[in-house]
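Single-structure report; data block below.
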Amino acid sequence: QSWLVHANVRLRYGPLRWVFVSPEFHHWHHGAEREAHDHNYASVLACWDVLFRTVYLPAGRSPLRYGVEEQVPPGWIGRFVHPFRPRG
């Protein structure tokens with residue numbers, strides 16, 4: 001399941017998109033667009049995001065960009081501590 005949702009495929013589940021996590025669902029989790037931030041946390045059952053109102057699945061669209069907009073430090077140590085640094 002994890003490999004499938006991270007695959008670079010445009011696979012849609014139709015009405016089951018509201019029940020199971022698909023690549024379409026998980027691509028929005030990694031989308032860089034502001035409206036996609038803080039959405040689609042589920043790993044298997046999308047219905048959890050539907051229940052907690054954190055689902056974001058705009059019909060007929062895919063994210064234009066993936067990742068984060070901020071500069072991330074190089075190296076694994078810098079990337080590990082980066083989320084814990086004060087913002088300012």
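Tabulated values for the structure
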| read-out | value |
| --- | --- |
| Tally of residues being over 23 Å from Leu64 (Cβ atoms) and open to solvent by 60 Å² or more (accessible area, probe 1.4 Å) across the stretch 19-30 | 1 |
| In the stretch 31-42, residue farthest from Val5 (Cα to Cα) [restricted to those that are in contact (Cβ under 8 Å) with a residue 12 or more places away in the chain, part of a loop (DSSP other than H, G, I, E, B) and open to solvent by less than 80 Å² (accessible area, probe 1.4 Å)] | Glu33 |
| Odd one out for Gln71, checked against (1) part of a loop (DSSP other than H, G, I, E, B); (2) under 20 Å from Arg17 (Cα atoms); (3) not hydroxyl-bearing (Ser, Thr, Tyr) | (2) |
| Qualifying residue in the stretch 14-29 (condition: on the phi > 0 side of the Ramachandran plot and assigned to a helix (DSSP H, G or I)) | yes |
| Any hit, the stretch 43-53, residues being within 17 Å of Ala7 (Cβ to Cβ), among the hydrophobic types (A, V, I, L, M, F, W, C) and surrounded by 11 or more Cβ atoms within 10 Å (Cβ to Cβ) | yes |
| Subset of the stretch 32-68 [within 23 Å of Phe20 (Cβ to Cβ) and of a type in the set (Lys, Arg)] | Arg53, Arg61 |
| Test: residue in the stretch 54-64 that is in a helix (DSSP H, G or I) and either open to solvent by 20 Å² or more (accessible area, probe 1.4 Å) or touching a helix residue (DSSP H, G or I) at 6+ places or on another chain (Cβ under 8 Å) (or both) | no |
| Residue pairs meeting the criteria (Cβ under 7 Å; at least 6 apart or on separate chains; first open to solvent by less than 80 Å² (accessible area, probe 1.4 Å), in the stretch 69-88; second of a type outside the set (Ser, Thr, Tyr) and in a helix (DSSP H, G or I)) | Val72/Arg79; Val72/His82; Pro73/Arg79; Pro73/His82 |
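The values are calculated or read from the model by the stated rules, or taken from the named source; none is laboratory data. These numbers come from a predicted model, not from an experiment. Don't worry about glycine lacking a Cβ; one is built from the backbone with ideal geometry, like all the others, and counts go over all protein chains shown. These accessible areas exclude ligands, DNA and RNA; they are computed on the full protein's heavy atoms, side chains included. Shrake-Rupley method; radii C 1.70, N 1.55, O 1.52, S 1.80 Å.
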